[in-house]
Amino acid sequence: MRECSNNIPESTFSALLDALSRGESPGREGWRMLLSALDGGQAERIRDRAFEVARARFGGGVYIRGLIEISSCCRNNCYYCGLRRSNRHASRYRLTAEEVLDCCREGARSGFGTFVLQGGEDEGQDDDWMEATVKAIRAEFPAQAITLSVGERSREAYRRFREAGADRYLLRHETRNDAHYARLHPAEMSGAHRRDCLRALKELGYQVGAGMMVGSPGQTVDCLLDDIAFLEELRPEMIGMGPFVPAAHTPFARHAAGSVDLTLRLIALMRLRFPDALIPATTALATLDGRGREEGIRSGANVVMPNLSPVAVRERYSIYDGKASWGSEAAEGLRALEQELNRIGCHIAYGRGDYPGHGGGLK
Ligand code: 5AD
Ligand code: SF4
């Protein structure tokens, strides 16, 4: 028999998984064990259990969200991101409201039940522009969910967007550890402000997405434990986690990429802890590993976000190097995506895919 020095003792391991399936937190030291380098057997069992939980909840359905990258301009200077304002090599564009609507039309024809408007913090797409654009989408598409991912704005702006018809908001907390946050961002940004935004969004009734990069520079296991504790406190409806991918012409251009395996482990653990959560198999995962998206779903993810941006600008929304936007990462590739999902016993779930108890109907 093979000795597996990295395994958690079997009784402890099953007790941790049982706690999760009862809806209890394993606690910081329990999480630490679950995140540790486990021998293949236990790591696989975590992912298998998470996949079962996702299949039981969602019947093998994987929600699709049409991702529209509305602007590559950003006033922020996050050290890890290719769109940071100091990157003179970044190619900048900004879609007009009519171009965004065209993407939505294309998306609606393909059967998307959610449009995600994602962009840098672009002062050229100010609160008035966002509000008017959301209103126009809502007027033309009463049945689709509208998700925004346009960074930190005032509570009043978030209120106006919500009123205009936005249902969901993605704003990753990036890291809950303030020292780590300071390593990833210039001093004018703060983790505390980011968390205030997330709480405001929750209070306004948005379905909220938080999350973090895995393997970002300076991240330790304790940072991840802080992240998990924060997610347990905030209880976001959506949890976006992808590996860090180095981006050219940024301070971390030569830093190693994050671990695909650790990302998959985190997806599985968050599925077990938050069975109803909407968890994407992220583009960053698909970028680092040709089978990343499929593996993400096999680890409990239940959302994919194919790219609906105009083909002419896709290459230009370059948050990191080599970002996948073709094949089944693209909205034109839904048939390929369906086949990919069928191979693992899953299928595309059309429809809005709201978190239980939220949305679902016309506004
Ligand atoms: N690698 C991986 N993810 C990144 N993001 C930004 N830059 C990178 C990178 N280099 C993520 C951030 C942000 C989201 C839109 O993209 O977490 O919130
Ligand atoms: Fe701007 Fe977002 Fe990139 Fe930061 S991560 S520089 S806020 S686009």
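The numbers here are math on the coordinates, done by the rules we state, and not lab data. Note that the structure is predicted; figures quoted are calculated from it, not measured. For neighbour counting, all protein chains shown are included, and Cβ atoms are generated from backbone atoms with ideal geometry for every residue, glycine included.
Tell me the chymotrypsin sites (Phe, Trp or Tyr not before Pro) within segment 294-363 that lie in a loop according to DSSP and have at most 14 other beta-carbon atoms within 10 Å.
Answer in residue order: Trp326, Tyr350.
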ask   = How do the peptides 108-119, 332-343 rank, highest first, by the average count of neighbouring beta carbon atoms within 10 Å per residue?
value = 108-119, 332-343
request  = Note the angle between two axes, namely the Cα long axis of helix 127-140 and the longest principal axis of the Cα atoms of the chain, as a number of degrees from 0 to 90, rounded to the nearest 10.
outcome  = 90 degrees
inquiry  = Let's test this: bin the Cα-Cα distances of segment 60-349 at 10 Å from zero up to the farthest pair and state each bin's percent.
reply    = 7, 30, 40, 22, 2
query = Is segment 82-163 rounded, prolate or oblate when judged by the Cα gyration tensor, a ≥ b ≥ c being the square roots of its eigenvalues, rounded requiring a/c under 1.5 and prolate requiring a/b larger than b/c?
reply = oblate
query = What is the antiparallel percent of DSSP beta bridges lying wholly in the chain, to the nearest 5?
reply = 5 percent
Where GluC sites (Glu not before Pro) fall in DSSP loop in segment 160-219, at most 13 other Cβ within 10 Å = Glu188
request  = Within segment 1-79, list the GluC sites (Glu not before Pro) lying in a DSSP loop whose Cβ has at most 15 other Cβ atoms in a 10 Å radius.
outcome  = Glu3, Glu24
message = Using the Karplus curve 6.51 cos²θ - 1.76 cosθ + 1.60 with θ = phi - 60°, what ³J(HN,Hα) values do you get for each residue of segment 247-258, in whole Hz, with x for Gly and Pro?
response = 10, 4, 6, 10, x, 9, 4, 9, 6, 5, 6, x
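Order these by the 10 Å Cβ neighbour count, fewest first: Tyr169, Tyr80, Tyr93.
Tyr93, Tyr80, Tyr169
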